C-alpha cells in the first residue's frame with residue numbers, strides 16, 4: 001500500500017506507512033519518511049486528547065446543571081419536565097440526525113456544532129423560563145446523538161489510520177483511544193458530584 005492509498009483523515013496528513021519506511025531506499029529517505037510517520041502519530045494522539053478535554057469541559061458543566069434541574073428549576077416542575085423533553089427528543093434524533101450531520105459537515109464539525117447546542121442550554125439556565133428551557137432542551141436532544149456518534153466514528157477512523165502508520169492492530173489502537181477518552185470523561189463526574197453535594201448542603205442550611 002502506498003501513501004496515496006491511505007484515506008484522508010481530518011487533522012492528520014497522509015504519510016508513508018511503517019512498511020514503506022523500512023522499504024525506502026537510502027538513509028535520508030528513511031529518515032524523512034520516519035519523521036512523517038512520527039509527526040502523524042503525534043497528531044493522532046493530539047486529536048484524541050483535544051477531543052477528550054473538550055468533552056470533559058463540556059460535560060463537567062452540563063451534567064452538573066442537569067442533575068440539579070429538580071432543585072434549580074423546581075417551580076411548576078420545570079426542571080424535571082424540560083429534562084424529559086430533552087431525552088424524548090434525544091430518542092427520536094438518534095434515528096435521523098447523526099447520519100445526516102456527519103454526511104454534510106464531517107466528524108469534526110459535527111462535534112463542534114453539537115457543542116454549541118450544549119452551550120445554548122447552559123446559557124438558557126441563566127434565564128430559566130419555560131420558553132428558553134424548552135427550546136434549549138430540544139436543541140440539546142437534537143445535538144447529543146450526532147455528538148456521540150461523531151466522536152465514536154472519528155476515533156475508529158483515526159485508529160485505522162494509525163494502524164496503517166504503525167502496523168499495530170486497529171482493535172488495540174481503538175481500545176487505547178477510548179481508554180484515554182473515558183479517563184478524561186469520567187473525571188468530570190468527580191466535579192459534578194462535588195457541585196451537587198455543595199448545592200444540597202447549601203439548600204439544607206437555608
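The values are calculated or read from the model by the stated rules, or taken from the named source; none is laboratory data. As the structure is a prediction and not an experimental result, all values here were calculated from the model. In this analysis, Cβ positions are derived from the backbone assuming ideal geometry, glycine residues included, and neighbour counts consider all displayed protein chains.
Okay, here's what the table says:
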{"quantity": "Pair list, Cβ < 9 Å and 6+ apart or interchain, from region 74-97 residues that are at positive phi to residues that are at pLDDT below 95", "calculated": "76/130; 77/70"}
{"quantity": "Residues located in region 130-145, provided they are crowded, with 22+ Cβ neighbours inside 10 Å and more than 15 Å from the chain's Cα centre (by Cα)", "calculated": "133, 136, 137, 141"}
{"quantity": "From the options 68, 100, 83, residue that is at pLDDT 90 or above and surrounded by 13 or more Cβ atoms within 10 Å (Cβ to Cβ)", "calculated": "83"}
{"quantity": "Of residues in region 161-174 being assigned to a helix (DSSP H, G or I) and free of Cβ contacts under 8 Å to residues at least 24 places away in the same chain, the one nearest to the chain's Cα centre (by Cα)", "calculated": "174"}
{"quantity": "Candidates 106, 126, filtered to the one that is surrounded by fewer than 22 Cβ atoms within 10 Å (Cβ to Cβ), modelled with pLDDT under 95 and on the phi > 0 side of the Ramachandran plot", "calculated": "106"}
